[in-house]
Amino acid sequence: MTTLTKIETELVVVDSVSVATRTIGSGKRLVLLHRFRGTLDDWDPALLSALAPAGREVFVFDSLGIGQTGGVTPDTVEGMADFAASVIRAGGTEPVDVLGWSLGGFVAQVLAIKYPHVVRKVVLAGTMPAGGAPALVWSADWLKRASAPIPTAENALALLYGDSDMSRTTGMASLGRMPHPPAAYVSPTSMATQATVISRFADGGEGGWYARLGEISAPTFVANGDRDGLFPAIDSAVLAREIPRSQLAIYPDSGHAFLFQYAERFGDDVCRFLDTKTGT
């Protein structure tokens, strides 16, 4: 496992926009796509370390209008996926593996559908497909609470972790590994745009992407916590059902940030999935 020290931020120009990026390790590239109001400093270093064993490079970036990246935050998931595709192409390493968490999972789905030549394998963590099936549910109240102007550790614990002592304890440890304060925050305008995008996509109001999940040809690993308060595990089950080459894992006693709570276990599961030959 790679031991992380301070990771330098590199600014690269993509589509005439200065984009904040960080790279961990070297080898096959895994691109991470972030959650609602997530910036470079909101990735748990323990997870990044677990995802970057010898031979793998983990690449993270602030998307348009987020954190230290310039530009205006797109008002559709498709617009976010278009920019992610541009960032990937600018790196000159396509196809890449992609891990999308929460809102980033929306983006990863559209990226895999619209740009199949850019994506080799996909990990969808704590997310849901576009609304379009009766079984799908999500919490608008969770999103409202997550939109608090000033993020606090207490609010993050309540939103991202389960109620058990174990979940809360590992949640506090995760929060303690992240920089405080972060290098940059998400502006109220960009946060409001992201919230609107999530609501529209989750309610099925963008692009008919649910009906196109069967077009995803990349092998896909769908994962969630069994107590996710934003996108319950049933949403992940529907995703795995609709994506042809997919597998599903649900992690116990964990919420939306199950991937931080089980950083090493989830990282090992992801690496095993990415390293397994698929015969294609």
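Where a number appears in this text, it was derived from the coordinates with a stated rule and is not lab data. Computed from a predicted structure; not experimentally measured. No Cβ is skipped: glycine too gets one built from the backbone with ideal geometry, and neighbour counts run over all protein chains shown.
General remarks:
- When the chain is treated as a Gaussian network with alpha carbon springs shorter than 10 Å, the biggest mean-square fluctuation among S147, S217, S164 belongs to S164.
- Estimated 222 nm signal from helices in the chain, with DSSP H stretches of n ≥ 4 weighted -39500 (n - 2.57), rounded to 500: -11000 deg cm²/dmol
- Stretching the chain fully between S16 and R145 yields a gain of 43.0 nm (0.36 nm per residue, less the alpha carbon separation).
- Springs join every pair of Cα atoms under 10 Å in this Gaussian network model of the chain, and among P95, P182, P129 the largest mean-square fluctuation is at P182.
- This ranking places M128, M166, M80, M191 by how few other beta-carbon atoms lie within 10 Å of each, fewest first, which gives M166, M191, M80, M128.
- Bridges between two residues of region 10-275, per DSSP, are antiparallel at a rate of about 30%.
- Residue with peak Gaussian network fluctuation, the chain [Cα springs, cutoff 10 Å], from A148, A237, A192: A148
- Whole-angstrom gap from region 1-80 to region 225-257, using each part's C-alpha centre: 23
- Under 14 Å from the S217 label point (7 Å along Cα→beta-carbon), backbone N, region 94-115: 95, 112-115
- Computing FRET efficiency as 1/(1 + (r/R0)^6) for I250 and A184, where r is the C-beta to C-beta distance and R0 is 45 Å, gives about 0.85.
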